[in-house]
Amino acid sequence: MSKVVAVTGGIGSGKTEVCNAFMALGVPVVDLDHIARDMSAPGSSAMQAVRVQFGDAMFNADGQLDRAKLRELVFAEPDALDQLNQIMHPAIRLEAIRQIAQYADAYVVLAIPLLVESRDDWRMIDHVLVVDCDEQMQLARVIQRSQLSEGMAQAMIAAQSSRDERLAIADSVIENDQTLAKLQEKVLEFHKNFSKTCQ
């Protein structure tokens, strides 16, 4: 079975760019956000459970999940976030394990935003790679990318584990504080070094 490298980091840290760089190198990437989006399709069992828990108000007239409304709810009410996680996490985890098992590559990247919060659920991870940047840079990226107010962006960052907590579980760290080209170089260097450990 392939080794599993978990790529994690706070919102706005640059996980997506790191995963794109791995894919450009031919490394398979299993992305929990993509799996969660697929599970958000109208009529899915996960969405039926979300509707029961949070009501019809969280859905548009065409049955699509209203992500913005749900995001506001879970960041305003910690209990709501716990309830959503209890619905989504087990289903996402099972699908991720199924996808990882399909590959015979030396290693597979598992893109997992909230690893600190769910580390006990992911015993199959062989190496934790944290994408890191300072908090001011993180805040600026979240505001720019998502067109959010500074207050909402700060609330989203605060709802996640702290930078120190992420760094505490890291086996490796990639600092994303320079250009995209520099970030890609760092991913290539990690790839070369980690591939040697898989032989």
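Things worth noting here:
- The stretch between residue 49 and residue 148 holds 32.8 nm of extra length on full extension. This uses 0.36 nm per residue minus the Cα-Cα distance.
- Check: the chain dipole with +1 on Lys, Arg Cβ and -1 on Asp, Glu Cβ, in debye: 500
- Here residue 133 sits with roughly 10 square angstrom of accessible surface, probe radius 1.4 Å.
- Counting only DSSP beta bridges whose two residues both lie in the chain, roughly 5 percent are antiparallel.
- Lys-Lys pairs in the chain that are eight or more residues apart or on separate chains and whose Cα atoms lie under 26 Å of each other come to 13.
- Charge dipole (Cα centre; +1 on Lys/Arg Cβ, -1 on Asp/Glu Cβ; no other charges) of the stretch 75-123 amounts to roughly 280 debye.
- Computed with every protein chain present, the accessible area of residue 162 is close to 50 Å² [probe 1.4 Å].
- The accessible-area ordering, largest first, of the residues 22, 75 stands as 75, 22, per a 1.4 angstrom probe.
- Value of relative contact order over the chain, rounded to a whole percent, pairs C-alpha under 8 Å and six or more apart: 38
- Fraction of accessible area attributable to carbon and sulfur, the chain (%, probe 1.4 Å): 49
- Heavy-atom surface of the chain, accessible at 1.4 Å and reported per residue (Å²): 54
- If R0 is taken as 25 Å, the Cβ-Cβ distance between residue 103 and residue 160 corresponds to a FRET efficiency of 0.35.
The values are calculated or read from the model by the stated rules, or taken from the named source; none is laboratory data. Predicted, not measured: the structure shown is a model, and the values here were computed from it. We place every Cβ from the backbone using ideal geometry, glycine too, and count neighbours over all the protein chains shown. Remember, those area values only see protein heavy atoms, side chains included, never the ligands or the DNA or RNA. Shrake-Rupley method; radii C 1.70, N 1.55, O 1.52, S 1.80 Å.
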